[in-house]
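Presented below is the structure to which this report refers.
The values are calculated or read from the model by the stated rules, or taken from the named source; none is laboratory data. Owing to the predicted nature of the structure, the values given are computational and were not obtained by experimental measurement. Note that each Cβ is placed from the backbone with ideal geometry, even for glycine, and that neighbours are counted across all protein chains shown.
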Amino acid sequence: MTALTGDFATGVISGSQDWSTRIDPKVSVYFSGSLFLSEITENPCKDPAGHIAGLYTKSGLDCLRQLDGTYLLVIKEEKNIYLLRDRFGSGQQVYFNQKGFSTSIEDILKLTNTRPEPNWDTLSGFLQFGYIPAPGTGIKGISKLPSGVLLKWNGKEVSSSDLYSFEDYHNVGQNANMKLNDAVEQYKYLHQQAIKKRIAGASNVGVLLSGGYDSAGNIAGLNEIYNGKVQAFSIGFKDNPWSEIPLAKQMADKIGAEFHQYEIDGSELNDIPELIKQLGDPFQEGGLMVNFAAMRLAAGFNPDVVLGGDGNDQHHGTFAKELAMNHLIRSSGMGFLQKGLYNYTRKQTSYQDDNLFRYGFHNRKILNILYMDAFGFSDGELGAIGLKDVKLSNYGVPDNIKSSGNYDEFFFQRQYYVDVKHVINEVILFKAGQNAALRGINIAFPYMDNDVAAFIAGLPRNLRFEGEYMDIIKGRGKSKITHRKLYSSAMPDELSKKKKQGGFAPLPLFFQSAANLDLAEKVILQSGLANSQLNMNWIKEFILRYRIESQKTPNWFWYSQLQAFKLFNLLVLAVWWETVLNGSSAKRLSDLIK
């Protein structure tokens, strides 16, 4: 896909035939991605730019809230230029400043006509959380467009407005008293309609299949409405108990899908430069390499479309137990003890696998449940590196939002500001969409359908996450109750009864070989980071501690995962520095060794 670049001052927009365009003296439209319409037979939309131009001519900007799909949209009308990414961030990213915009980070840097300068305030956030929330980027003076946000150039300046609000995800009205069986029937219809829109005209449908309810729901729903070829793609981990391939294969065999599998063994680490360049900004998440391997596997079988199960957990709400415990501690007035332990552990500059670490890990999870999981460096470690503390409100509920005394309201606040605004919009849909784009895969997400999202938004909390307050605190709540009720009978018993693992990789796997660890260390220490403000001596000591610990008896899983996360974040930052800031064309880590 050739980059689309626009100059705000001149109004000149340059693209390619890969884009759907409608050029008109009054209104011009540029569209990249897939647009899904309400009428199944009209999908996929053959002329999305023309369709949107017609809607815009009739109703103006009001039409944009109704668009459904994976896309990046640009509308030019007289002096005004509008840019919009799809509601959940699965389409192309766009970078901008006061001069112009581009889907390519390299092109927007050329447009600034200046050497890029790292933004350490945002890069500090990356090292702690693994990503930089929009509109921030790792480069000073460059912004990126949040999903579902309309960017406007009026001939003089850039402004933005969010097309969606809290009420779009929590509008419990006519569904407030809905019974579970009625919710299941409506949900089934809407989910199958969403699948139909996304596979219309396809004869070879791929499905990403893990051992979880979401991907299994897609393949079970697909089986009821489609008789063509189905290929299931599943990723596991070599010689690792976290692999879910056996359960995924059971589900594929049950509906007669062709099953394809790949086991990650750590060698994939050498291929990350091309992925980091595709992502544009520093980004690392536990499931990043799972998506990377899945898209590379799927590309070898040429599916017309691949269905992903991303985002369903977050629509229904996650971590209700930890949220309830946070709510109880706040209500009891004992929060000062929790904060005391947190303030002590977060200031540490090195950690070891002991009881203090484990208590601190669980305590932080509960205390900071209104923010994203921070699997990277702590505040103390960032200080040792030479960076400032991260502003938590950039990664969760804004400072001006007051937590509610009512648990359900508390639940919905977190579900919107964390599960949707961050986990879906900034992380999981972005990583899946970018990995698919890297391989030329047409990926679609049925659970992100506008009608499905609107229906779930109308459900009360107990039809999203079942359980009374004290039962949830005791771990007896049930997540995605409507979804589970619909699809549990369609799954093998082992799958429907298993505890959820989560779509992440055991990251120590990538550094378990001495060759990989040596390679990662050399890339980090020889990169441009060595000439930055970072304390490289501390980083060397951290890598040495990691090397020593990795040779000992296996540690607690989450300790090992957290330490590997930190090392992976450092490696991504080093690769980003070389490929984006320094313009290296390396496709493999080994190419970055001097």
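In the set (1) at pLDDT 95 or above; (2) touching a strand residue (DSSP E or B) at 6+ places or on another chain (Cβ under 9 Å), residue 55 fails one condition alone, (2).
Look at region 521-536: where a residue is of a type in the set (D, E, K, R) and a partner is part of a helix (DSSP H, G or I) and surrounded by 15 or more Cβ atoms within 10 Å (Cβ to Cβ), sitting 6+ places away or on another chain with Cβ atoms under 6 Å, you get 521/543. A residue that is of a type in the set (Ser, Thr, Tyr) and under 28 Å from the mean Cα position of the chain (by Cα) occurs nowhere in region 52-69. Tallying residues that are touching a residue at least 12 places away in the same chain (Cβ under 8 Å) and more than 22 Å from residue 306 (Cβ to Cβ) within region 18-37 yields 8.
Name every residue in region 339-386 that is assigned to a helix (DSSP H, G or I), more than 15 Å from residue 538 (Cβ to Cβ), over 24 Å from the mean Cα position of the chain (by Cα) and of a type outside the set (D, E, K, R), in order of residue number. Step through it out loud before you land on a result.
The first filter runs over region 339-386 and keeps only residues assigned to a helix (DSSP H, G or I), leaving 339-346, 355-367, 379-385.
Pick out the ones that are also more than 15 Å from residue 538 (Cβ to Cβ) and you get 339-346, 355-367.
Now restrict to residues that are over 24 Å from the mean Cα position of the chain (by Cα): 339-346, 355-360, 363.
If the condition is that a residue be assigned to a helix (DSSP H, G or I), more than 15 Å from residue 538 (Cβ to Cβ), over 24 Å from the mean Cα position of the chain (by Cα) and of a type outside the set (D, E, K, R), then 340, 341, 342, 343, 344, 345, 355, 356, 357, 359, 360, 363 are the ones that fit.
Surrounded by fewer than 20 Cβ atoms within 10 Å (Cβ to Cβ), at pLDDT 95 or above and among the aliphatic types (A, V, I, L, M), is that true of residue 94?
Answer is no for this residue.
Only one of the listed residues (123, 150, 127) is in the same structural domain as residue 107 (by TED's automatic domain parsing), surrounded by 19 or more Cβ atoms within 10 Å (Cβ to Cβ), part of a strand (DSSP E or B) and touching a residue at least 40 places away in the same chain (Cβ under 8 Å). That residue is 150. When region 522-537 is filtered for residues that are surrounded by fewer than 18 Cβ atoms within 10 Å (Cβ to Cβ) and part of a helix (DSSP H, G or I), the ones remaining, listed by number, are 522, 525, 526, 528, 530, 531, 536, 537. Being in a loop (DSSP other than H, G, I, E, B) and among the hydrophobic types (A, V, I, L, M, F, W, C): is that true of residue 301 here? Spelling it out, residue 301 is indeed in a loop (DSSP other than H, G, I, E, B) and among the hydrophobic types (A, V, I, L, M, F, W, C).
For region 227-262, filtered to residues that are assigned to a loop (DSSP other than H, G, I, E, B) and of a type outside the set (D, E, K, R), the residue that is surrounded by the most Cβ atoms within 10 Å (Cβ to Cβ) is 257. Give the residue that is modelled with the lowest pLDDT, with candidates limited to residues of region 317-348 that are in contact with a Ser or Thr (Cβ under 8 Å, 6 or more places away or on another chain) and β-branched (Val, Ile, Thr). Top of the filtered list is 345.
One line per residue, one yes/no per condition, for (1) over 26 Å from the mean Cα position of the chain (by Cα); (2) within 20 Å of residue 577 (Cα to Cα); (3) in a helix (DSSP H, G or I):
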residue	(1), (2), (3)
520	no, yes, yes
539	yes, yes, yes
543	yes, yes, yes
546	yes, no, yes
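Of the residues making up region 81-112, those that are within 17 Å of residue 155 (Cα to Cα) and in a strand (DSSP E or B) number 6. Within region 384-412, the residues that satisfy the criterion of being under 30 Å from residue 91 (Cβ atoms) and in contact (Cβ under 8 Å) with a residue 60 or more places away in the chain are 390, 391, 394, 395, 411, 412. For region 24-34, state whether one or more residues are among the small types (Gly, Ala, Ser), at pLDDT 95 or above and farther than 21 Å from residue 88 by Cα. Taking every residue of region 24-34 in turn, at least one turns out to be among the small types (Gly, Ala, Ser), at pLDDT 95 or above and farther than 21 Å from residue 88 by Cα.
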